[in-house]
Amino acid sequence: MKQLLILLAISLYGCNDSVKTISRVDKNDTTITCDTNGCFGTYTGPEFVDRDDVAHQFSNTMSSAVGDKLKELYTKGKYSKVNFSAITMTTQGMGSGTVVYSLKIPFSAVTAPCEAFTSFDHVGGWNHAPALQQRKEQLSTALMKGDSLAISNLKTTPEGLQEYWIQWKHKSTQAACQ
């Protein structure tokens, strides 16, 4: 499986030995790789465990990896943000007990530090409307004074996963942007 994901990474982003990648693998065969072009990965495992939506938790893991990579790029002077319109989400196997959930979160380079975003999150779930207003309220304390959240259009998969993706300027990382 790891070899397949590495080949997928090369085919999606090209082979570039100078690109640093971050990979994470957990007990449910989750792999995320991030480089200067974005983050991509796949979760393969159970949909639910004891009524807990473990497959959807892959969105949490991906959001953390994206935020970490955006911060890393920012500190290196490679200012970036997520390209919302190019995000792809796929799910296969809902209802079978095992789901394959794949995400591609691409980045766009920006020229100025205050055009960049260094925090990333989501709100969503399977077969229900995402609680966007509640998430906006939760994230409001993370914003710098006068800043606002950048929120994607609703992304959906044919099997019913719905997500809004959210980015903003991190208070301490981008403190100079206040």
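The values are calculated or read from the model by the stated rules, or taken from the named source; none is laboratory data. These figures come from a predicted structure and were not determined experimentally. FYI the Cβ positions are ideal-geometry reconstructions off the backbone, even for glycines, and counts take in every protein chain you see. Each accessible area value is taken on the protein alone, full model and side chains, heavy atoms only, with ligands, DNA and RNA left out. Shrake-Rupley method; radii C 1.70, N 1.55, O 1.52, S 1.80 Å.
Just to make sure I understand: if all protein chains stay in place, what is the order of 108, 96 by accessible area at 1.4 Å, largest first?
The ordering from most to least exposed comes out as 96, 108.
So, R0 is 45 Å and r is the distance between the beta-carbons of residue 60 and residue 178; what FRET efficiency does that work out to, to 0.05?
The computed FRET efficiency comes out at 0.95.
How much accessible area per residue does segment 29-177 have, counting only protein heavy atoms and a probe of 1.4 Å, in square angstrom?
The answer is 44 Å² per residue.
Per the 1.4 Å probe, what fraction of the accessible area of segment 44-178, in percent, lies on carbon and sulfur atoms?
The computed percentage sits at 49.
Which of the peptides 171-178, 81-88 is most tightly packed, and how do the rest follow, judged by the mean count of other Cβ atoms within 10 Å per residue?
Final packing ranking: 81-88, 171-178.
In segment 29-177, if the dipole is taken from +1 on Lys/Arg beta carbons and -1 on Asp/Glu beta carbons about the Cα centre, which of 173, 160, 112 is farthest to the positive end?
112
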